[in-house]
Amino acid sequence: MTPIGPEEFKRGMRAHAAGVTIITTTDAGLHGGLTATAVCSLTIEPPQLLVCVNRRAHAHDLIRRSRVLCINVLAHDQQALAARFAGQDGVDGEARFGIGQWTTLKTGAPVLGGSLVCFDCEVIDELPTTTHTVFIGQVVAMSAPLPGPPLLYADGTYADIAPRPLSDRRRR
Ligand SMILES: Cc1cc2nc3c(=O)[nH]c(=O)nc-3n(C[C@H](O)[C@H](O)[C@H](O)COP(=O)(O)O)c2cc1C
C-alpha cells in the first residue's frame, strides 16, 4: 500500500502532544545536543529508553561515536532552551550550551539544571531508518525528579499543562 504523504502525516502528528526533551552527548571534549520529542520508554527492567535522532543533526555522529547520551526532560519555563537546541535562535554546536546550568552525572553527557528529570544513558543499540537513527539508551544514572509542569509540544507550538488527573485511578 502507498503510505500517506508527509504533509498529511505532519497534520496528524500535530494532534499528538509530546513532552519536550534536550538530548545531549559528549565525545572527546566536544558537546552536542538537540531538542527532541521522539523519546519513549522501552523497558523498565532493564531501564531503557529509545530516542530517534535525524542523521543530519550535529549531535547524531557524536552519539554514535561516544555511545552516551542524556535525556533532559524540560520544565514549562525552559522554552528558550528548547528553541536554542532546535536551532531556532541560530546558535549551533558547542555554543548552544552558553545558556542554562550544566553538570554531569555518570557518562559525562551534559545534564541540564532545572529539568524535571534527566536520564543519563549508555547507548546499547541502534537501528538505522531512512532519515533517523533509533538509539536505545540504558539508564545508568538519573537526576532527582522535580515537581512542576512539563514543557509540551502540541498543535505545532510549545504549551504547558498542570497535570490534573481525570480520575482517582492509581497511575502505573
Ligand atoms: C519540538 C521539537 C521536537 C523535535 N524533535 C526531534 C526529534 O525527536 N528528533 C530529531 O532528530 N529532531 C527533532 N527536532 C529537530 C531538531 O531539534 C533540530 O533539527 C536541531 O536543530 C538539530 O540539531 P542541529 O541544528 O545541530 O542539526 C525537533 C524540533 C522541535 C522544535
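Key figures
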{"read-out": "Residue tally, condition within 14 Å of the ligand (Cβ to nearest atom), assigned to a strand (DSSP E or B) and either over 15 Å from the mean Cα position of the chain (by Cα) or not small (Gly, Ala, Ser) (or both), over region 1-26", "value": "5"}
{"read-out": "Odd one out for Thr2, checked against (1) farther than 20 Å from Thr107 by Cα; (2) of a type in the set (Val, Ile, Thr); (3) open to solvent by less than 100 Å² (accessible area, probe 1.4 Å)", "value": "(3)"}
{"read-out": "Residue that is surrounded by the most Cβ atoms within 10 Å (Cβ to Cβ) [pool: residues in region 59-70 that are within 15 Å of the chain's Cα centre (by Cα) and more than 10 Å from the ligand (Cβ to nearest atom)]", "value": "Cys70"}
{"read-out": "Region 84-101, residues that are surrounded by 15 or more Cβ atoms within 10 Å (Cβ to Cβ) and under 15 Å from Ile23 (Cβ atoms)", "value": "Arg84, Phe85, Ala86, Arg96, Phe97, Gly100"}
{"read-out": "Qualifying residue in region 104-113 (condition: β-branched (Val, Ile, Thr), in contact with a Cys (Cβ under 6 Å, 6 or more places away or on another chain) and under 19 Å from Ala57 (Cβ atoms))", "value": "no"}
{"read-out": "Candidates Val117, Val134, filtered to the one that is out of contact with any His (no Cβ under 9 Å at 6 or more places or on another chain), closer than 19 Å to Ala86 by Cα and of a type in the set (A, V, I, L, M)", "value": "Val134"}
{"read-out": "Verdict on Val73 being open to solvent by less than 60 Å² (accessible area, probe 1.4 Å) and touching a helix residue (DSSP H, G or I) at 6+ places or on another chain (Cβ under 6 Å)", "value": "no"}
{"read-out": "Members of region 35-58 that are closer than 20 Å to Lys106 by Cα and either in a helix (DSSP H, G or I) or within 8 Å of the ligand (Cβ to nearest atom) (or both)", "value": "Val51"}
{"read-out": "Pair list, Cβ under 9 Å, 6 or more apart: region 55-84 residue of a type in the set (Asp, Glu), other residue away from the ligand (no atom under 13 Å from the Cβ)", "value": "Asp61/Asp27; Asp77/Gly114; Asp77/Gly148; Asp77/Pro149; Asp77/Asp160"}
{"read-out": "Thr130 vs. criteria more than 15 Å from the ligand (Cβ to nearest atom), of a type outside the set (D, E, K, R) and open to solvent by 60 Å² or more (accessible area, probe 1.4 Å)", "value": "no"}
{"read-out": "Criterion violated by Gly98 - all others in (1) over 13 Å from the mean Cα position of the chain (by Cα); (2) within 24 Å of Ile161 (Cα to Cα); (3) away from the ligand (no atom under 11 Å from the Cβ) satisfied", "value": "(2)"}
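The values are calculated or read from the model by the stated rules, or taken from the named source; none is laboratory data. What you are looking at is a predicted structure, and each value in this text was computed from that prediction instead of being measured. Note that each Cβ is placed from the backbone with ideal geometry, even for glycine, and that neighbours are counted across all protein chains shown. These accessible areas exclude ligands, DNA and RNA; they are computed on the full protein's heavy atoms, side chains included. Shrake-Rupley method; radii C 1.70, N 1.55, O 1.52, S 1.80 Å.
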